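First the structure, in the form of C-alpha cells, and then the observations on it.
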Amino acid sequence: MEVKQTVASGSEGDGGGLKRRFAVYGQKYGILVALVLICLFLSVANEYFLTARNITNVLRQTSINGILAIGMTFVILTRGIDLSVGSVVALAGIVAASLATTSSTAAAAGGPYPAVVAIAVGLLVGMACGAVSGVVVSRFAVPAFVATLGMLSAARGLTLLYGGGRPVPELTPEFRVIGTGEVAGIPVLVLIFAAVFVIAWWVLSATRFGRHVYAAGGNPHAATVSGINVRRIRFLVYVISGGLAGLAGMMLAARTGSALPQAGIAYELDAIAAVVIGGTSLAGGVGRVTGTLIGALLISVVNNGLDLMGVESYYQQVIKGVLIVAAVMLDQARHRRE
Amino acid sequence: MQPKLLEVEGLTKSFSGVAALSNGQFALERGSVHALCGGNGAGKSTFLSIVMGIQPRDSGIIRRNGREVTFRSPREALGAGISIIEQELSPVQAMSVAENIFLGREPLAGFGRIDFRSMNTRAQTLLDDLHFDIDARALMMDLSIAKLQLVEIAKALSYDAEIIIMDEPTSALGEAEADQLFAAIQTLKAKGKGIIYVSHRLSEIFQIADTYTVFRDGAFVDSGAMATVSREALIQMIVGRPLTEEFVKTNTPGDEMLLAVRGLNSTNRVRDVSFHVHRGEILAIFGLMGSGRSEIFERLFGLVGDRGGEVVLEGRPIRLSSPAEAIRHGLAFVTEDRKASGLILSASVRENICMAHLPYLGAGPVMSSRREAMSAREMIAKFGIKTASDRLEVSGLSGGNQQKVVLGKWFLTEPKVLLLDEPTRGVDVGAKREIYRVMSDFASAGGAVVMISSETDEVVGMADRAIVMRDGRISSEVSRADLSADRLVHLAA
C-alpha cells in the first residue's frame, strides 16, 4: 500500500512520462524485478524448479535466514549492526534443546519440560544476549560492530560451556513441530517466518515505535531534539534482533533434531546480505522489511537454482559475493543520480 | 616604492545569476595587519575564496607584488605565498606537530623512509624562531585551539607565505589565548608579512589592525587607516542600509509573564543565566558565535546536563530534563543547523512534520496514517511549503522550504514558547519575511518567542527586547526603544 502511494504521488508530481515511470518502478522494485527474472529463467531452464516440492523447499531454506535478516533490518535501520546472531542461534538453540530432550545425559534437571517452556526460555536467552549488546551500544557508546563482535565470541563460548561442547540430541516430538511440522501442507517453519514478517512489517510501517526506529537512524540528533528517546530505541532493536535469533536457533535445532554447539556459524553474514540486497542503507534510516524479504528470497533462489543446475557449492559462494556487491553498487549509482 | 603584497580591483562573482560579489577591492601592504570587515553576506567569504583559488572569478584583477595573477587552486595560491588559517581547523589529530607541518612533503631518508630527525629539527627551529612555546613532537590532539592556530601559522611560514589570511581566528579562543595569538601576529608583522584579518569583534580590530576595508552587499564600501576611523563610523559602514519593510512586526508584548528562567547553569557552560519573556513578546538573544547562546536553549530543552536553575512556566515551576518533557510543557526548539539537528533529510516531508508530535497522531502505539497525512497537509498549507507531495524526501526542498518544514514540525505540537536559534540562516529574503510573519503572528496569538540571532538588523527589526551574551553570561539587556545595530555590536564585542 505504502509503496504504491509513494509511486503514484511521485509520478503525479512530475507529469509522469512512461520512461520516467519505468525509472521510478525500477528504483522501487529493482530487486523484485531481478528476483522475478531469475525465477522465470529457472522455471524454463529446469523443470523441477517450479514444482510444489521445490518451492516449499526454497521457502523452508529461506525461513531461518529470513527471520535473522528481519531482526537485522531493525538494527541496521538505526545505523547499527548485529554480528552476534549466529552465536545466539547456537546458544538459544542448545539451552532450549536441553529443556526439551529425552536424552538422559543432555537434559537439564527435571526435564523434559513442555515445548512451550523450552521455547519461552530460548526466546529469553536470545533477548538477554541482545539486551547486553543493546546496553553496551546505547549506554556506553561502544560501536555496534565492536559490541556485537564481543557478543559473537561470548555467546559461542557460553554455548560450548553450557553443553560441554556436545550436541543435544533426541528432542521431544512436541518441540520438533516448529522445525518439521506442517499445517495444510505448509511447513510450520515457513508459517513462523510469515508471521514474523507480517508483524515486523506492521511494527515498522504502522506503529510509533517504527517511526522512532526510522528517525533514530535517519538523524539521531534531530530525533533527540524532537523528543524521541534514541537510546531506548537503540537498546530495543538489539533485543528484537536477539529474540529473533533465539527463535531461529530453536527452529534450526527442531528441524535437524538436535542442537549443535557449532550451529549458526557465519549466519550473520547471510542475514546482513539479505538486508543489504533488499535496499536497506547501512547509513541508517532508509529501508523496508519487504526489501529484506525479497533479499532473503533472492539468496535462497539463487542457491537453489545453482544446486539444481549442478553448480559446485564453492562457485555458489563466489556468486553470492558478486550479488551482494552488485546490489549495493546499483543502489549507490541510483543515489548519485538523485 | 615597493609593490603591494596584494592588490585587487573590480572583482565580481555571481552564483546562478545572483551577485555575491559585485566590486571586490583590496590592497595589502608589507608588514601590516589589514582588517576585512562586513556583515553576513557582505561578500567576504566569496572574496577570500577567489583570492585563495577555490573559486574562479567572473571578472576583475588580482596583482601579487605588482604582477597580475590567476590561481586555479589553493595549491597555486599557496605556491605564490598566500596562506589561509580557516575558522574551523582540521589537523590530523593523531599526528605530531612536525608531521602536520610537513604533511605531504615529509623529508625523506632513502628507501621512502621519512627522516623524522630532520623533520622534527626543522619544525622545532621554525617554532622557536617565532617564539611559539610548542614541542614539535607533541601530538596535535594534546594542544589547545590557540596552539593549533600557532601551528597553522608556522606551517604557513614553512611554505614561505608572505600573506596570511586569518578567518575569525579568535572565535573559539579565550582572552589569554587571544593575546598569545596577537603576540604571534606582531612577530609576523616584524618579519614583513601581510595579514588579512577577518573578525566581527570590533575591539579586536582596533587593537590589532593597521588598516581596514569594509564590504557590504558584495561591494567595496571604504578603506583607510584604523587611526583615522572611529568605532561608530566603522559600524555605520558595516551596517549601512536603512531597514525598510524587511520585517513584519505586528505583535505587542502583554503583561503576563509566560516563561521565567532564574540562575540557569548547565554542563555546557551556561553560567547563571536569568531572563523572562511575556505573552506576546519577541525576546532576542544577541551575541557572538561561542558566547553561549545556543547552549541556553540546549539546557532548556533537556539536551545537556542540569547544573541548577529554576524555570517557571505560566507561574508554575517546571522540570525540563528531556526533550520529550520540554515538548509536553509546550516548548519548541528550532535548532541552528537544520541539516544536523532539525530534519531527517532521508525522510519525507510528512514524516518530518509529524516527528515531534507522534504520541498524539495515533491510538496508543499504533499510528494513524490519516491523521499524519492531515497534519502534514495542514502545516504545508499554513506555511505555504512548496512541495509536490508530502511523501517526497525533504532533501529535495529549497533551504527556505526546509526551514518551513521545521517550523511546521514545531507548530504541530501547539507550543507556548518558541525557541528559535538563527531562524533565518541560509534562507532567501522572501522566505525570511514569511518566517518573520510566522513569529509575529505566533506572538500576537499569545505565545512567546525567544530568538537567537547574530544579525543585528534582524534583532532591531523584530525584537521587543534583547539580551546580549558574552562568555556564557548575560552582559546586558536592551529595550526596543534603545535597540540599534551600533549598540548591539558595541555591547557584544
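Residue-wise test of (1) of a type in the set (Lys, Arg); (2) within 23 Å of B:ALA184 (Cα to Cα); (3) under 26 Å from the mean Cα position of the chain (by Cα).
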position	(1), (2), (3)
B:ASN23	no, no, yes
B:ILE54	no, no, yes
B:ASP58	no, no, no
B:ARG67	yes, no, no
B:SER96	no, yes, no
B:LEU103	no, yes, no
B:GLU106	no, no, no
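Residue-wise test of (1) in contact with a Leu (Cβ under 7 Å, 6 or more places away or on another chain); (2) among the β-branched types (Val, Ile, Thr).
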site	(1), (2)
B:PHE442	yes, no
B:MET451	yes, no
B:VAL460	yes, yes
B:ARG480	no, no
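Checking each residue in region B:123-140 for being of a type in the set (A, V, I, L, M, F, W, C) and not in a helix (DSSP H, G or I) picks out B:LEU130, B:PHE132, B:ILE134, B:ALA136, B:ALA138, B:LEU139. Taking region B:310-351 as the range and being of a type in the set (Val, Ile, Thr), in contact (Cβ under 8 Å) with a residue 24 or more places away in the chain and either facing chain A (nearest Cβ under 7 Å) or not in a helix (DSSP H, G or I) (or both) as the test, the residues that pass are B:VAL311, B:VAL312, B:ILE327, B:VAL334, B:THR335, B:ILE344. For region B:243-262, the condition holds for no residue, the condition being that it is within 30 Å of B:LEU36 (Cβ to Cβ), crowded, with 21+ Cβ neighbours inside 10 Å, outside the structural domain of B:ALA443 (by TED's automatic domain parsing) and β-branched (Val, Ile, Thr). Out of B:MET374, B:MET379, B:MET355, one residue alone is in a helix (DSSP H, G or I), within 30 Å of B:VAL304 (Cα to Cα) and more than 10 Å from chain A (Cβ to nearest Cβ). It is B:MET379. The set of residues in region A:179-228 being surrounded by 23 or more Cβ atoms within 10 Å (Cβ to Cβ) and within 29 Å of A:TYR113 (Cα to Cα) consists of A:LEU189, A:PHE193. Residue check: B:PRO56 meets all listed conditions (1) within 23 Å of B:GLY218 (Cα to Cα); (2) at pLDDT below 90 but one, namely (2). Scanning region B:274-308 for residues that are modelled with pLDDT under 90, in a loop (DSSP other than H, G, I, E, B) and either touching a Pro at 6+ places or on another chain (Cβ under 9 Å) or away from chain A (no Cβ under 14 Å) (or both) turns up B:GLY287, B:LEU288, B:MET289, B:GLY290, B:SER291, B:GLY292, B:GLY305, B:ARG307, B:GLY308. Going through (1) within 20 Å of the chain's Cα centre (by Cα); (2) surrounded by 20 or more Cβ atoms within 10 Å (Cβ to Cβ) one by one, B:ARG465 falls short only on (1).
The rows are residues; the columns are (1) in contact (Cβ under 8 Å) with a residue 60 or more places away in the chain; (2) within 30 Å of B:ALA326 (Cα to Cα); (3) aliphatic (A, V, I, L, M); (4) within 14 Å of chain B (Cβ to nearest Cβ).
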site	(1), (2), (3), (4)
A:ARG166	yes, no, no, no
A:GLU170	yes, no, no, no
A:GLY181	no, no, no, no
A:ALA194	no, no, yes, no
A:ALA245	yes, no, yes, no
A:MET251	yes, no, yes, no
A:ARG255	yes, no, no, no
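When A:GLY150 is tested against the conditions (1) at pLDDT 95 or above; (2) buried (at least 17 other Cβ atoms within 10 Å of the Cβ), the lone failure is (2). Scanning region B:455-493 for residues that are in contact with a Lys or Arg (Cβ under 8 Å, 6 or more places away or on another chain), of a type in the set (Gly, Ala, Ser) and farther than 24 Å from B:GLY254 by Cα gives B:GLY472, B:ALA492, B:ALA493. B:LEU491 falls short on exactly one of the conditions (1) crowded, with 20+ Cβ neighbours inside 10 Å; (2) part of a helix (DSSP H, G or I), and that condition is (1).
For region B:382-396, taking the residues that are assigned to a helix (DSSP H, G or I) and under 27 Å from A:GLY279 (Cβ atoms), the one that is modelled with the lowest pLDDT is identified as B:GLY396. Do the conditions hold for B:GLY430, that is, is it at pLDDT below 90, of a type outside the set (A, V, I, L, M, F, W, C) and surrounded by fewer than 23 Cβ atoms within 10 Å (Cβ to Cβ)? Judged against the criteria, B:GLY430 is a match. Residues that are part of a strand (DSSP E or B) and not small (Gly, Ala, Ser) occur in region B:72-82; there is at least one. Scanning region B:38-62 for residues being in a loop (DSSP other than H, G, I, E, B) and either of a type in the set (S, T, N, Q) or in contact with a strand residue (DSSP E or B) (Cβ under 6 Å, 6 or more places away or on another chain) (or both) gives a total of 8.
Annotation: of all residues in region A:229-239 being out of contact with any helix residue (DSSP H, G or I) (no Cβ under 6 Å at 6 or more places or on another chain) and either facing chain B (nearest Cβ under 8 Å) or crowded, with 20+ Cβ neighbours inside 10 Å (or both), the one that is farthest from B:GLU372 (Cα to Cα) is A:LEU236.
The values are calculated or read from the model by the stated rules, or taken from the named source; none is laboratory data. Keep in mind it's a predicted model, so treat the numbers as computed, not measured. In this analysis, Cβ positions are derived from the backbone assuming ideal geometry, glycine residues included, and neighbour counts consider all displayed protein chains.
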